[in-house]
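Q: I am attaching a structure below and will ask some questions about it afterwards.
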Amino acid sequence: MTAGLLIVEDDDVIGFAMTDYFGRLGYRVAVARTCAEARSAVAAGDFDLAVIDNGLPDGDGVELVRALIATSPHLGIVMVTGLGTIDLVVRAIREGARNFLTKPVELPALAVILARVLEERRNERVAATARSRRATALPNPALALPAAIREVGQRAAEVPVAVLILGDTGTGKGYLARWLHSNGPRRNEALVELNCAGLSRELVESELFGHDRGAFTGADSSKPGLLELAHNGTLFLDEVAELDLVVQAKLLKVLEDQRFRRVGGTQDRRVSVRVVSATSRDLEAMVARGEFRRDLYFRLAGVVIDMPALRDRRDEVPRLVDDVLRDLGLHPTHRFSDEAVAVLVSHDWPGNVRELRNVVERVCLFTRQPVIEASELTPHLRPLRRSAGVMAAVAPPESHGRLTLAELERRHIAATLDQVDGRVEVAAEWLGIPRSTLYERLRRYGLTRRG
C-alpha cells in the first residue's frame, strides 16, 4: 500500500518542496501549517509517517508529537528543528519521535530515514502479531484449497473488500484466510488472528480494542489491541458468529468509521484494516433470529466464499495426501499404495481436511515402511459413531425428564470423548463445534482430556 506522509511545516516554500519531492517518490503527501491542522489531519486521515517542524505558530512540536502518538500509535514521526539541543532531542524521543534532524535538511537523506522508520514500524507490528496470535500456526496455506476456491480467492485477494468464509469445521477456512492475506496487496503488513469462540465479551473487547491503564481491575498498564497491531494489514476473525451483540455493534462502527477507542479510553484512534471473517454457522439464519446484526453481516460479506466439505471433493484427496507428505518433509520417501489411497478416497472425512492431515501424520508416525498399505489405515480411520449410539449411553429412555439440559450436554461430551479415546480435536469434529468451545465446556464440567 502507498504510505501516507504528513508534513507539518509553516514555511510554504519548504512545504511545497517536500510535497513535490516525496510525491514523486510515491508517498501520499499532505501538509499542515499548525499544530491544530496537524491534529485534525491525523484524526481524519490515514498516515504512516509525519515530519514535524518544532517551531510552529500555535505550539510546541514536542507536545504535538505526544498528541499525535496518542491518536495514532502506529505513526512514525521524524522531528526537524532549526536549533537542536540535547534536552529537545531527549524530550522528542521520549514522546514517541523516531528520529531527529536539524535544518537545513537534505531531502534524499530524509527520504532514507523515512523509509527506515516505515520499515521499523512495519516490523514491530509483524513481531507483535506473532506474539499476540492465539491460533497455532498452520502449515502451507495452499494446502486444502480446491482449485476453484483458489481462482475465486485470487480475485477476492486483489480487491480491498471484506471477505466472509463459510464452511464446516476443518474445511480449511483458516488456510484460505492466510492465503488471501499472502496473495493480496497487504501481504507485507501484519496478519492478526482472533478466534472469537469461547471468549467472554469483556475479553474479546480487550483483545480487539486494547485497553488503557486503569480500565479495569488488573489493568496496570496500557495494551494495544489487535486492531492496532493489524493496521494496514489483515484482521482475521475466526468463528465470528460467536461475537456478542455489543461487540458486534462496536466492530460495525470500526468498519464504518475506521476509528475506535480502547477499553477505558477517551481518545479516538484511526486504523485501516482489511477484515476476513469465518464461521461454520448459518449467519443468515442467525440474522433472521436476531442473533447477529444484519448491518454487520452485510459489512463482512463483501465477498462470500463457501468452502466445500472434503466428502464433496473426494477426487482431490490424492493431491492433498501428497501435499501433506511434502509439508511434513516425507515426499517422495513415503507414499501410500493405490489400495491405501482408495481407502482414503472412500472415507467420509467428517473432520474434513484437518482430519485428513491428522490421519496422514499419525500413519507416518507409526509406520516404518516407505510404502503405506491399506491395512495400516484401519486403526486411524474410525467410523463416525455419534447420535443414536452415543445418546443412548448418555441418557437411557427411562431417565428422560429427570436430567437437566446441562447434565445431558455433560454426559454427551463425556461419552463422545470416551468414543474417541479422549482426543479433543476429534471429539470437537464429532460434536460439530470449534475446539476452543469444547475446551471451555470441559473446564465448565470438570471433564478430563488428552489432546
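Q: Given H placed 1.01 Å from N in the peptide plane, which residues other than close sequence neighbours of Val304 have an amide H under 5 Å from its amide H?
A: Under 5 Å from the amide H of Val304 lie the amide H atoms of Leu164, each far enough along the sequence or on another chain.
Q: OK, next. Based on other C-beta atoms within 10 Å, arrange Cys196, Cys364 from fewest to most.
A: Neighbour counts put them in this order, fewest first: Cys364, Cys196.
Q: What is the distance in Å between the Cα centroid of region 411-451 and that of region 209-255?
A: 28
Q: Normalising by the residue count of region 251-335, find the relative contact order in percent from Cα pairs under 8 Å and 6+ residues apart.
A: Values: 39 pairs, mean separation 14.7, N = 85.
Taking the mean separation of contacting Cα pairs over the length of region 251-335, I get 17 percent.
Q: By the scheme Lys and Arg +1, Asp and Glu -1, what is the net charge of all other residues having a beta-carbon under 13 Å from that of Ala278?
A: -3
Q: Let me ask another. Using a basic spin-label model with each label point 7 Å from the Cα along Cα→Cβ, how many nm lie between Arg66 and Thr404?
A: Going by the 7 Å Cα→Cβ label model, 5.4 nm.
Q: Using amide H atoms built 1.01 Å from N in the peptide plane, name the residues 5+ places from Arg98, or on other chains, whose amide H lies under 5 Å from its own.
A: Under 5 Å from the amide H of Arg98: Ile77, Val78, Met79.
Q: Given a Förster radius of 25 Å and the C-beta distance between Ala17 and Asp58 as r, what FRET efficiency does 1/(1 + (r/R0)^6) yield to the nearest 0.05?
A: After rounding, the FRET efficiency stands at 0.65.
Q: What residues qualify as long-range amide H neighbours of Glu193, i.e. H under 5 Å apart, gap of 5 or more or another chain, H built at 1.01 Å from N?
A: The answer is Arg134, Phe236.
Q: What full-extension length gain, to one decimal in nm, is calculated for Asp418 and Glu284 as 0.36 nm per residue of separation minus the Cα-Cα distance?
A: Numbers: separation 134, 0.36 × 134 = 48.24 nm, distance 3.45 nm.
That pair, Asp418 and Glu284, stretches by 44.8 nm at full extension.
Q: Per q in 0.21 1/Å, what log10 I(q)/I(0) does a Debye calculation on the alpha-carbon atoms of region 4-130 return?
A: Debye curve over Cα of region 4-130, log10 I(q)/I(0) at q = 0.21 Å⁻¹: -1.31.
Q: Among the complete DSSP H segments of the chain, which ones combine at least 27 Å of alpha-carbon extent along their axis with a mean Kyte-Doolittle hydropathy of 0.0 or more?
A: Helices meeting the span and hydropathy rule in the chain are 107-132.
Q: Return the Cα extents of region 147-306 along principal axes one, two and three, sorted largest first, each rounded to a whole Å.
A: 50, 39, 27
Q: A further question on this structure: What's the extension gain from Phe366 to Val112 if we count 0.36 nm per residue and subtract their Cα-Cα distance?
A: Taking 0.36 nm per residue and subtracting the Cα distance, the gain is 85.9 nm.
Q: How big is the Cα convex hull of region 167-254 in projection, averaged over all directions, in nm²?
A: Spelled out: convex hull of the Cα atoms, projected over all directions, averaged, 6.6 nm².
Q: With no solvent and one equal point scatterer placed on each C-alpha of the chain, evaluate the Debye formula and give log10 I(q)/I(0) for q = 0.08, 0.14 Å⁻¹, two decimals.
A: So the normalised log intensities are -0.59, -1.29.
Q: Of all DSSP beta bridges located in the chain, what percent are antiparallel, nearest 5?
A: The answer is about 15 percent antiparallel.
Q: Apply 1/(1 + (r/R0)^6) to the Cβ-Cβ distance of Glu120 and Glu425, taking R0 = 35 Å, and write down the FRET efficiency to the nearest 0.05.
A: Values: r = 39 Å, r/R0 = 1.11.
Rounded to the nearest 0.05, the efficiency is 0.35.
Q: Show that you can apply the helix-only estimate: for the chain, add -39,500 (n - 2.57) for every DSSP H stretch of four or more residues, divide by all residues, and state [θ] at 222 nm to the nearest 500.
A: Helix-only estimate at 222 nm: -14000 deg cm²/dmol.
Q: Below 12 angstrom from the Cβ of Ser337, what's the summed charge of the other residues (Lys, Arg +1; Asp, Glu -1)? Display every interim value, and only then the final one.
A: Numbers: positive: Arg335; negative: Asp338, Glu339, Glu373, Glu376.
Every neighbour counted, the sum reads -3.
Q: Which aspartates and glutamates have a Cα lying under 16 Å from the Cα of Lys250, excluding residues fewer than 8 positions away in the same chain?
A: Straight-distance partners of Lys250: Glu202, Glu205, Glu207, Glu228, Glu242, Asp268, Glu291, Asp295.
Each reported figure results from applying straightforward, stated rules to the coordinates on display, with no laboratory input. Note that the structure is predicted; figures quoted are calculated from it, not measured. Cβ: placed from backbone, ideal geometry, glycine included. Neighbour counts: every protein chain shown.
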